[in-house]
Amino acid sequence: MHQFLTKCDEALTEISSQGRYRRFVALEKLTDRFPYYSVTMEGRTRDILVWSTNDYLAMGTDPQVIEASADAARRYGAGAGGTRNIAGSSPLHVALEEELADLHGKDAALLFTSGYVSNQATLTAILNSLPDWHVFSDAQNHNSMIVGIKGGKTATVHIFKHNDMADLERLLAEAPAEAPKLIVFESVYSMDGDIAPLEQICDLADRYNAMTYLDEVHAVGMYGPHGGGVSERDGVADRITIIEGTLAKGFGCHGGYITGDFKVLDYIRSVAAGFIFTTALPPPTVAAALTSIRLLKQDSTRRTKLFERAATLKAKFLAAGLPVMDSNSHIVPLMIGDAAKATEISMRLIREFGMYATPINYPTVPRGTERLRFTPGPKHTDEMMNNLVTALQQILLPAETQTA
Ligand code: PMP
């Protein structure tokens, strides 16, 4: 046997023995009954209520968004047919970039095939532009940013403690005054659901002459009066050099983007391999995203409902004595602290109660902080929440402490 195949066996056995082996649950979305999905498991097909979608605002099943996608498929075809530079740019791509630039109050925007690629490609391109970058990266940054930063061949990387401004300032002060500096961070951190102090980071960036790179993947569509993210909500978008986002979560579609000054984006467009050497986003996806962004820009009803739903679920968990983690965002983590247990609870929720919540295990979160992640949206009703609480109490709490 080739040594790589032996390695596969060993690694998979180890992952399984730690309760971290990942199984896909194939969920068939029921578009007119979202967040219900049809699932076939162990030979049985039934409807499952999903609590862990990143289609936070249910825009992926909005009838206008679906129609825009179907219409674009009929008019422009299923695929872009080329990279952006070779026959893949359509008027839809240009319109979407203009819409995104406007959403964030920036000169320009640039689309990528995913949020992951936008982070990886942009950061690597920036950090290979000059020989002596110093980059300051939040300890909980997403893998796509870590990989992008690692792509910088000569950059010196400083990891600051998560959301810790004193630590960030200490590291900025220690770096050579004249070196080019970049602070890389997120607004809403997706696993703990906490939010970065954007204004303070901008103040430090000003003081130490650093550029700023902000991932708003878990915030766009949901925060700010028009869905421009936490940077819009906090009034600091114009102080951030590059704002990055996804079209796949709050906007319910697919794709990633960056926004910023024209010159900066023109440079990235001209050198970033992950932009240049891949097929442009499919026109139906671009049309759907355009519609979704426009709907969310004009109307805050879905946003308001999202935050009300998240607050209600948190309150119900707390009242029921369930180990909910305090968060000031729309994300509701339930702390379990053990990978095998988190996986087991998730399986019991499906099998016994017809509900699905994703177990989040190492390496996505540190060992000992394994959890179930709930992202209630505008379509999760009080009744669904009450049933969830009852189910979790039965699985997690000793009988005498149950309240329902
Ligand atoms: N940044 C963060 C913080 C993320 O959580 C993710 C995906 N979960 C991404 C970037 C990548 O976005 P996409 O799914 O659009 O590739």
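The values are calculated or read from the model by the stated rules, or taken from the named source; none is laboratory data. For clarity, every value in this text was computed on a predicted model and none was experimentally measured. For neighbour counting, all protein chains shown are included, and Cβ atoms are generated from backbone atoms with ideal geometry for every residue, glycine included.
Of the residues making up region 116-145, those that are over 24 Å from Asp266 (Cβ atoms) and either out of contact with any strand residue (DSSP E or B) (no Cβ under 7 Å at 6 or more places or on another chain) or surrounded by fewer than 17 Cβ atoms within 10 Å (Cβ to Cβ) (or both) are Ala139, Gln140, Asn143.
Residue-by-condition table, conditions (1) in a helix (DSSP H, G or I); (2) within 17 Å of Ala289 (Cα to Cα):
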| position | (1), (2) |
| --- | --- |
| Tyr21 | no, no |
| Glu28 | no, no |
| Asp32 | yes, no |
| Ser38 | no, no |
| Asp55 | no, yes |
| Arg74 | yes, yes |
| Gly81 | no, no |
| Ala87 | yes, no |
| His93 | yes, yes |
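Of the residues Ala210, Ala196, Ala219, the single one that is touching a strand residue (DSSP E or B) at 6+ places or on another chain (Cβ under 9 Å) and away from the ligand (no atom under 16 Å from the Cβ) is Ala210.
Tell me yes or no: at least one residue of region 164-185 is assigned to a loop (DSSP other than H, G, I, E, B), modelled with pLDDT of 95 or more and within 15 Å of the ligand (Cβ to nearest atom). Write out each step before concluding.
So in region 164-185, the residues assigned to a loop (DSSP other than H, G, I, E, B) come out as 164, 175-180.
Now restrict to residues that are modelled with pLDDT of 95 or more: 164, 175-180.
From the residues that got through so far, the ones that are within 15 Å of the ligand (Cβ to nearest atom) too are none.
Looking for residues that are assigned to a loop (DSSP other than H, G, I, E, B), modelled with pLDDT of 95 or more and within 15 Å of the ligand (Cβ to nearest atom), one finds none in region 164-185, hence no.
Look at region 102-111 and say how many of its residues are more than 20 Å from Ile276 (Cβ to Cβ) and either crowded, with 16+ Cβ neighbours inside 10 Å or in contact (Cβ under 8 Å) with a residue 40 or more places away in the chain (or both). Walk me through it before giving the result.
Quick first cut of region 102-111, residues more than 20 Å from Ile276 (Cβ to Cβ) only: 102-107.
Checking which are either crowded, with 16+ Cβ neighbours inside 10 Å or in contact (Cβ under 8 Å) with a residue 40 or more places away in the chain (or both) leaves us with 103-107.
The qualifying residues number 5.
Here the condition is being acidic (Asp, Glu) and in contact with a strand residue (DSSP E or B) (Cβ under 6 Å, 6 or more places away or on another chain); of Glu42, Glu28, Glu99, Glu14, it holds for Glu28 alone.
For region 97-115, indicate whether the set of residues that are at positive phi and in the same structural domain as Ile258 (by the TED database) is non-empty. Taking every residue of region 97-115 in turn, at least one turns out to be at positive phi and in the same structural domain as Ile258 (by the TED database). Residue by residue through region 12-50, note down the ones that are free of Cβ contacts under 8 Å to residues at least 24 places away in the same chain and among the polar types (S, T, N, Q). Of everything in region 12-50, those that are free of Cβ contacts under 8 Å to residues at least 24 places away in the same chain and among the polar types (S, T, N, Q) turn out to be Thr13, Ser16, Ser17, Ser38, Thr40, Thr45. Show the residue pairs meeting these rules: Cβ distance below 9 Å; 6+ apart or different chains; first residue within region 247-271 and at pLDDT 95 or above; second residue acidic (Asp, Glu) and within 10 Å of the ligand (Cβ to nearest atom). Taking only residues 6 or more apart or on different chains, the pairs are Gly256/Glu244; Tyr257/Glu244; Ile258/Glu244; Thr259/Glu244.
Would you be able to tell me the number of residues in region 216-231 that are surrounded by fewer than 22 Cβ atoms within 10 Å (Cβ to Cβ) and either without any contact (Cβ under 8 Å) to a residue 60 or more places away in the chain or assigned to a helix (DSSP H, G or I) (or both)? First the steps, then the outcome.
Looking only at region 216-231, we keep the residues that are surrounded by fewer than 22 Cβ atoms within 10 Å (Cβ to Cβ), and these are 225-226.
Next, from what is left, pick out any that are either without any contact (Cβ under 8 Å) to a residue 60 or more places away in the chain or assigned to a helix (DSSP H, G or I) (or both): none.
Residues in region 216-231 being surrounded by fewer than 22 Cβ atoms within 10 Å (Cβ to Cβ) and either without any contact (Cβ under 8 Å) to a residue 60 or more places away in the chain or assigned to a helix (DSSP H, G or I) (or both): 0 in total.
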